[in-house]
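Please treat every number below as a calculation from the coordinates, not as lab data. Quick caveat: nothing in here was measured; it's all calculated off a predicted structure. Cβ placement follows ideal geometry from the backbone for every residue including glycine, while neighbour counts extend to all protein chains displayed.
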Amino acid sequence: MGKMYLSDAAAPVRGVVGGTDRDRAARFRDRYPPAAKRNLYIRNKILLPNRRPPVNPTRTEITDAAATNMEIKAMAQEMGAHVAGVAEFDSRFAFADVECLNHRFAVVFGIAMSYDNMADIGPRSQDEVHRVYHKLDDIGLRLAHQVAAYGYQSAMQPNEGDVPLIALAYLAGLGELGKHGSLISPELGSSFRLGAVTTDMPLRADRPKDYGIDEVCVKCGVCTRFCPGDAIKPDKKVINGVERWHVDTPACEPYFHRLYGCKICLMVCPLNSRGVFGEDYKRAAKVLVRTKDAKGMLRLIEERTDMHYEDFD
Ligand code: SF4
Ligand code: SF4
């Protein structure tokens with residue numbers, strides 16, 4: 001992340017879910033494999049309607065915010081999160097369409113996506129994304145219940161919830177923004193997804209950390225080379241008060257839809273080699289050397305999945 005000019009920042013505006021072409025987004029969702037559809041059903045119909053639990057009127061007063069930070073993060077990890085941190089939260093961080101979120105902190109957590117499943121770039125990768133989102137929402141809901149039982153307001157924040165998860169995860173010290181527009185974790189590389197719980201419980205916030213990731217992105221550009229939509233921009237830009245990497249979303253969208261939520265940029269990122277997916281990435285890297293660029297990658301995906309991506313609109 002580069003310089004921040006937050007006094008100039010306005011509440012972020014969310015992207016249109018599934019992209020700007022509603023019909024194409026609907027066709028994209030129709031092609032979800034059955035397991036992905038089941039996970040989405042459970043999230044939308046059962047978990048999300050309950051994401052703001054009732055608050056226990058008998059409050060446990062927090063006398064040691066630092067100890068409570070550790071306790072809540074440990075809870076998230078016991079529930080199955082692989083990484084967790086706490087970010088200070090300001091209501092201006094919520095999306096512009098969110099009415100009022102007077103919460104002070106966000107507990108942000110991540111779960112790894114199996115690298116091999118993600119690297120499939122076909123239906124298997126989409127199943128993996130929805131498996132992980134379901135698990136994140138399940139953890140978030142249970143964690144929100146725990147916080148509410150202490151006597152504080154809480155809300156489980158799914159992907160597409162009230163807040164931009166990547167920004168909060170950065171503030172919580174979980175990683176740095178990569179050139180491909182996703183967070184990169186020192187432990188999980190680019191192969192993970194995020195969830196959060198926002199609350200008015202007094203906690204001590206963690207801080208953003210320099211893991212040396214931004215410096216790698218400045219010199220790297222592997223994701224730019226392999227992106228079939230030419231959507232990953234080589235230079236940073238100031239967006240809403242923050243100098244950062246950015247992706248041309250309309251250029252990404254057609255491939256995102258054709259390739260089951262395309263994750264080529266996450267898969268090829270060499271920072272996957274630093275953490276738990278080191279061995280998986282080494283095997284993939286040999287293939288990447290042979291495929292060379294976006295065209296080679298698309299040929300490989302067609303061979304592997306028997307999917308003719310150009311047939312999809
Ligand atoms: S592929 Fe390279 S440039 Fe792209 S996000 Fe990963 S490290 Fe950064
Ligand atoms: S998801 Fe695919 S098309 Fe979109 S930025 Fe990443 S590699 Fe490019």
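Please work out the Cα convex hull volume for the stretch 32-199 and give it in Å³ per residue.
117 Å³
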Subject >> Local net charge near residue 269, Cβ-Cβ under 11 Å (Lys/Arg +1, Asp/Glu -1) >> reply: +3
Original post:
To the nearest 10 degrees, how steeply does helix 65-78 sit against the main Cα axis of the chain, on a 0 to 90 scale?
Top reply: 50 degrees
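Which peptide among 52-58, 264-270, 72-78 comes first, and what is the full order, when sorted by highest mean count of other Cβ atoms within 10 Å?
Top to bottom by mean Cβ count within 10 Å: 264-270, 72-78, 52-58.
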Original post:
In straight Cα distance, which lysines are under 23 Å from residue 236, not counting same-chain residues fewer than 8 positions off?
Top reply: 3, 179, 209, 219, 263
Subject >> Helix axis angle, 294-305 relative to the chain longest principal axis, alpha carbon, degrees >> reply: 90 degrees
Subject >> Distance between modelled label sites at residue 303 and residue 27, nm, 7 Å Cα→Cβ extension >> reply: 2.8 nm
**OP:** For the chain, with a Gaussian network of springs between Cα atoms less than 10 Å apart, report the residue from 254, 208, 34 with the top mean-square fluctuation.
**Re:** 34
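Which of 206, 90, 137 comes first, and how do the rest follow, when ranked by fewest Cβ neighbours within 10 Å?
Arranged by neighbour count, lowest to highest, 206, 90, 137 become 90, 206, 137.
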Subject >> Isotropic mean projected area of the C-alpha convex hull, the stretch 213-311 (nm²) >> reply: 7.1 nm²
**OP:** Find the Cα radius of gyration of the chain, compare it with 2.2 N^0.38 Å by division, and give the number to two decimals.
**Re:** 0.99
**OP:** Please state the charge dipole magnitude for the stretch 13-131, taken about the Cα centre, from unit charges on C-beta atoms (+1 on K and R, -1 on D and E), reported in debye and rounded to the nearest 20.
**Re:** 600 debye
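Using a cut-off of 11 Å between beta-carbons, work out the net charge of the residues near residue 114 (Lys and Arg +1, Asp and Glu -1, residue 114 not included). Provide the component values of the computation, followed by the final result.
Working: positive: 124, 131; negative: 116, 120, 127, 128, 280.
Around residue 114, the charge tally is -3.
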**OP:** For the chain, set up a Gaussian network in which alpha carbons nearer than 10 Å are linked by springs, and say which option among 135, 209, 179 fluctuates the most.
**Re:** 209
Subject >> Charge dipole magnitude, Cβ of K and R +1, D and E -1 - the chain, Cα centre, debye nearest 20 >> reply: 440 debye
**OP:** Lys and Arg at +1, Asp and Glu at -1: add these up for the other residues within a Cβ distance under 10 Å of residue 202 and post the number.
**Re:** -1
